[in-house]
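No lab work stands behind these numbers, since they all come straight from the coordinates. Since the structure is predicted, the reported quantities are computational estimates derived from the model, not experimental observations. Every residue, glycine among them, receives a Cβ derived from its backbone with ideal geometry; neighbour counts consider all protein chains shown.
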């Protein structure tokens, strides 16, 4: 089982008891504001998503980690790697992403988890490049992306919702782990 420990977090594969806290995160309009059409997701959608994330681990050798706080054991959300199939123009690519509950915002958890994920991509999976895709205006994600050292690659539009997206990249051979 793939696990990564940081000073405050455990990045791990998904457990059955992660469904309820992740469904709560996905049901928060503040969390979902920048994702897809901004709609919240219920427990059924969350269960399907977790199943897809686990399938990606099996198919690709990477995926989205559940992010657990070491101090309390609480599920804070996810971070990890995925193939951004929804945006064919960037393929082949591997994208980093994250989603945390609002109670975990502003504490550096997203940056800590994302940095560990880039180390995993380089050292454990041998990837030489990772991209990020975020909706223009999502300043919190932009801050994390900048802390990771990712640089602009292109701007485009979401193929379904037509809002502007910013694609950034990092060459992991130059990444300072």
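For the range 1-27, the candidate set comprises residues that are in a loop (DSSP other than H, G, I, E, B) and in contact with a helix residue (DSSP H, G or I) (Cβ under 6 Å, 6 or more places away or on another chain); within that set, the residue that is surrounded by the fewest Cβ atoms within 10 Å (Cβ to Cβ) is 6. Restricting attention to the range 58-73, does a residue exist that is exposed (fewer than 14 other Cβ atoms within 10 Å of the Cβ), touching a helix residue (DSSP H, G or I) at 6+ places or on another chain (Cβ under 7 Å) and assigned to a loop (DSSP other than H, G, I, E, B)? No: the range 58-73 contains no residue that is exposed (fewer than 14 other Cβ atoms within 10 Å of the Cβ), touching a helix residue (DSSP H, G or I) at 6+ places or on another chain (Cβ under 7 Å) and assigned to a loop (DSSP other than H, G, I, E, B). Any idea which of 106, 126, 149 is assigned to a loop (DSSP other than H, G, I, E, B) and under 28 Å from residue 21 (Cα atoms)? Matching residue, one of 106, 126, 149: 106.
Hey, does the range 85-93 have a residue that's closer than 20 Å to residue 11 by Cβ and crowded, with 18+ Cβ neighbours inside 10 Å?
Here is the first cut: in the range 85-93, the residues closer than 20 Å to residue 11 by Cβ are none.
Scanning the range 85-93, I find no residue that is closer than 20 Å to residue 11 by Cβ and crowded, with 18+ Cβ neighbours inside 10 Å, so the answer is no.
So which residues in the range 152-175 are surrounded by 11 or more Cβ atoms within 10 Å (Cβ to Cβ) and assigned to a strand (DSSP E or B)? I'd like the intermediate steps shown before the answer.
From the range 152-175, those surrounded by 11 or more Cβ atoms within 10 Å (Cβ to Cβ) are 153-154, 156-159, 161, 163-172, 175; that's our starting set.
Within the range 152-175, 153, 154, 156, 157, 164, 165, 166, 167, 168, 169, 170, 171 qualify.
Against the condition surrounded by fewer than 19 Cβ atoms within 10 Å (Cβ to Cβ) and either under 26 Å from residue 150 (Cα atoms) or in contact (Cβ under 8 Å) with a residue 40 or more places away in the chain (or both), how does residue 35 come out, does it pass? Please lay out each step first, then the result.
On the way: surrounded by fewer than 19 Cβ atoms within 10 Å (Cβ to Cβ): yes; either under 26 Å from residue 150 (Cα atoms) or in contact (Cβ under 8 Å) with a residue 40 or more places away in the chain (or both): yes.
When the stated conditions are applied, residue 35 passes them.
What do you reckon, is residue 77 without any contact (Cβ under 8 Å) to a residue 60 or more places away in the chain, over 17 Å from residue 125 (Cβ atoms) and loosely packed, with under 12 Cβ neighbours inside 10 Å? For residue 77, the condition - without any contact (Cβ under 8 Å) to a residue 60 or more places away in the chain, over 17 Å from residue 125 (Cβ atoms) and loosely packed, with under 12 Cβ neighbours inside 10 Å - is not met. Residue under question is residue 113, and the condition is that it be farther than 17 Å from residue 167 by Cβ, surrounded by 21 or more Cβ atoms within 10 Å (Cβ to Cβ) and touching a helix residue (DSSP H, G or I) at 6+ places or on another chain (Cβ under 6 Å); does it hold? For residue 113, the condition - farther than 17 Å from residue 167 by Cβ, surrounded by 21 or more Cβ atoms within 10 Å (Cβ to Cβ) and touching a helix residue (DSSP H, G or I) at 6+ places or on another chain (Cβ under 6 Å) - is not met. Report whether or not residue 51 is outside any loop (DSSP other than H, G, I, E, B) and loosely packed, with under 15 Cβ neighbours inside 10 Å. Yes, satisfied.
In the range 129-146, which residue that is touching a residue at least 40 places away in the same chain (Cβ under 8 Å) and not in a helix (DSSP H, G or I) is nearest to residue 6 (Cα to Cα)? Steps first, answer last, please.
Let us first name the residues in the range 129-146 that are touching a residue at least 40 places away in the same chain (Cβ under 8 Å), namely 129-131, 133-135, 137-138, 141, 144.
Filter again for not in a helix (DSSP H, G or I), leaving 129-131, 133-135, 137-138.
Working: 129: 22, 130: 20, 131: 22, 133: 24, 134: 24, 135: 27, 137: 29, 138: 25 Å.
Going through the qualifying residues, I end up with 130.
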